[in-house]
Amino acid sequence: MTPSDRSWASSPGTRASMRANRSRDTKPEIALRRAVHALGLRYRVAARPLADLRRTADLVFTRQKVAVFLDGCFWHGCEEHHTRPSANAPYWSEKVRRNRDRDQDTTARLTEAGWLVLRYWEHEDPTEAALEVEAAVKARRLVAPGETVKRPASRPQVES
């Protein structure tokens, strides 16, 4: 076995299964995006809120500076649903700890840069989460004192 053939996985089957996991467009993420879209909100998907930070949010509202993350129960250590694997347990517990530390760091950096960070677990109701996202985005649409709002030019009336 060459060094490049070695893997963190406990078996070839485990490796294949883990490599098949998606980093975006998961069922819970799509459900949340559909619910947010149905409320009339438009957003960027899997985008970097800050160009110099190599981390992406699941939904990004750039003008309002709102970043939404949908965390998977296994990968981010949900207190309610996280299961600890029996095979290679030390690796996985360390992996989840690093993910949680990175989540905290990401939230802190974005907050420091003026962003509102919303985090949801994959098991949460997407409709309820979408309503919270809508309220947050609308609240951040309010104009600050001294700011002006560009209004779209009115369309000329067409006589029929």
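The values are calculated or read from the model by the stated rules, or taken from the named source; none is laboratory data. As the structure is a prediction and not an experimental result, all values here were calculated from the model. Positions of Cβ are generated from backbone atoms using ideal geometry, with glycine treated the same way; all protein chains shown enter the neighbour counts. Protein only, heavy atoms only, side chains kept; ligands, DNA and RNA dropped before computing areas. Shrake-Rupley method; radii C 1.70, N 1.55, O 1.52, S 1.80 Å.
The solvent-accessible area of Lys95, taken with every protein chain present and a 1.4 Å probe, is close to 50 Å². Given q = 0.24, 0.26, 0.29 Å⁻¹, what are the Debye log10 I(q)/I(0) values for the range 21-87, with equal point scatterers placed on the Cα positions and solvent ignored? Debye curve over Cα of the range 21-87, log10 I(q)/I(0) at q = 0.24, 0.26, 0.29 Å⁻¹: -1.09, -1.18, -1.29.
Using the 1.4 Å probe convention, the accessible area of the range 21-148 works out to 63 Å² per residue with neighbouring protein chains retained. Each of the peptides 115-128, 56-69 was scored by the mean count of other Cβ atoms within 10 Å over its residues; in descending order, highest first, they stand as 56-69, 115-128.
Return the carbon/sulfur percentage of the accessible area of the range 19-144, one whole number, probe 1.4 Å, all protein chains in place.
Numbers: 3680 of 7790 Å².
About 47 percent, which is the carbon plus sulfur part of the accessible surface.
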